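Here is the structure we will look at, set down as structure tokens.
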Ligand SMILES: CC(C)(COP(=O)(O)OP(=O)(O)OC[C@H]1O[C@@H](n2cnc3c(N)ncnc32)[C@H](O)[C@@H]1OP(=O)(O)O)[C@@H](O)C(=O)NCCC(=O)NCCS
């Protein structure tokens, strides 16, 4: 079941987040660590506090599986790219304009609990996000996926499988305490 988030989802959301969080200073030091995060996906930031979660509750979509929280997605309405970020646009005239257009809709966070992986949970939440993004008046839905220092292959495959195309790659920068961090920007037409 897909539904809007409630305050009471915070603990389960945190548990899911911690289950897929990737600590670049430790996890990446072993070969198994690298393989695990490449194959199952990962989040690099710490996740929101209860206060931050409450403040943007209406932007979260959650999925339930067997009475438990199976995953969550946050839909953002502002561009995440900072003006100072160096970006390689695959089609500068087309994609840059689409990304900068308003209204804007992007997936700020997406995570599925390990117990619910590969059961279509992320796909269901994506469909709900697309409905909401269209209602916001957005023409496209955007999403960033980590490319370097470790490519998030499962997320990249998820996006490509669901009709997203590669629009840009950010040039190496220090982000989330990671040197040489790069991500790929994916975009999907909502037409
Ligand atoms: C990436 C993630 C969101 C996918 O969620 P999911 O619910 O397992 O995905 P779905 O079941 O909807 O998968 C849909 C399709 O995406 C692709 N896919 C998803 N996970 C994949 C994986 N680990 N390896 C290869 N392909 C994958 C497949 O084509 C899949 O279809 P199939 O199962 O019929 O082959 C999930 O693994 C996750 O939360 N990972 C940790 C956090 C993360 O990486 N978030 C994304 C940050 S950008």
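A quick yes/no check of all residues on (1) surrounded by 14 or more Cβ atoms within 10 Å (Cβ to Cβ); (2) in contact with a helix residue (DSSP H, G or I) (Cβ under 6 Å, 6 or more places away or on another chain); (3) free of Cβ contacts under 8 Å to residues at least 60 places away in the same chain:
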| position | (1), (2), (3) |
| --- | --- |
| 23 | yes, no, yes |
| 46 | no, no, yes |
| 61 | yes, yes, no |
| 73 | yes, yes, yes |
| 81 | yes, no, no |
| 84 | no, no, yes |
| 124 | yes, no, no |
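In this structure, is residue 64 assigned to a helix (DSSP H, G or I), modelled with pLDDT of 95 or more and farther than 18 Å from residue 177 by Cα? Steps first, answer last, please.
Working: assigned to a helix (DSSP H, G or I): no; modelled with pLDDT of 95 or more: yes; farther than 18 Å from residue 177 by Cα: yes.
For residue 64, the condition - assigned to a helix (DSSP H, G or I), modelled with pLDDT of 95 or more and farther than 18 Å from residue 177 by Cα - is not met.
Mind checking which residues of the stretch 100-158 are over 22 Å from residue 56 (Cα atoms), outside any helix (DSSP H, G or I) and within 8 Å of the ligand (Cβ to nearest atom)?
Passing the criteria: 117, 118, 119, 120, 146, 152.
Condition check: away from the ligand (no atom under 14 Å from the Cβ), assigned to a helix (DSSP H, G or I), over 18 Å from residue 132 (Cβ atoms) and out of contact with any strand residue (DSSP E or B) (no Cβ under 8 Å at 6 or more places or on another chain). Does residue 32 satisfy that?
Numbers: away from the ligand (no atom under 14 Å from the Cβ): yes; assigned to a helix (DSSP H, G or I): yes; over 18 Å from residue 132 (Cβ atoms): yes; out of contact with any strand residue (DSSP E or B) (no Cβ under 8 Å at 6 or more places or on another chain): yes.
Considered against the rule, which asks whether it is away from the ligand (no atom under 14 Å from the Cβ), assigned to a helix (DSSP H, G or I), over 18 Å from residue 132 (Cβ atoms) and out of contact with any strand residue (DSSP E or B) (no Cβ under 8 Å at 6 or more places or on another chain), residue 32 comes out as yes.
When the stretch 106-122 is examined, which residues are found to be without any contact (Cβ under 8 Å) to a residue 40 or more places away in the chain and crowded, with 16+ Cβ neighbours inside 10 Å?
Going residue by residue through the stretch 106-122, those that are without any contact (Cβ under 8 Å) to a residue 40 or more places away in the chain are 106-107, 118, 120.
106, 107, listed by residue number.
The values are calculated or read from the model by the stated rules, or taken from the named source; none is laboratory data. Quantities reported herein were computed from a predicted structural model and do not represent experimental measurements. Here Cβ is always computed from backbone atoms with ideal geometry, including for glycine, and neighbour counts include all displayed protein chains.
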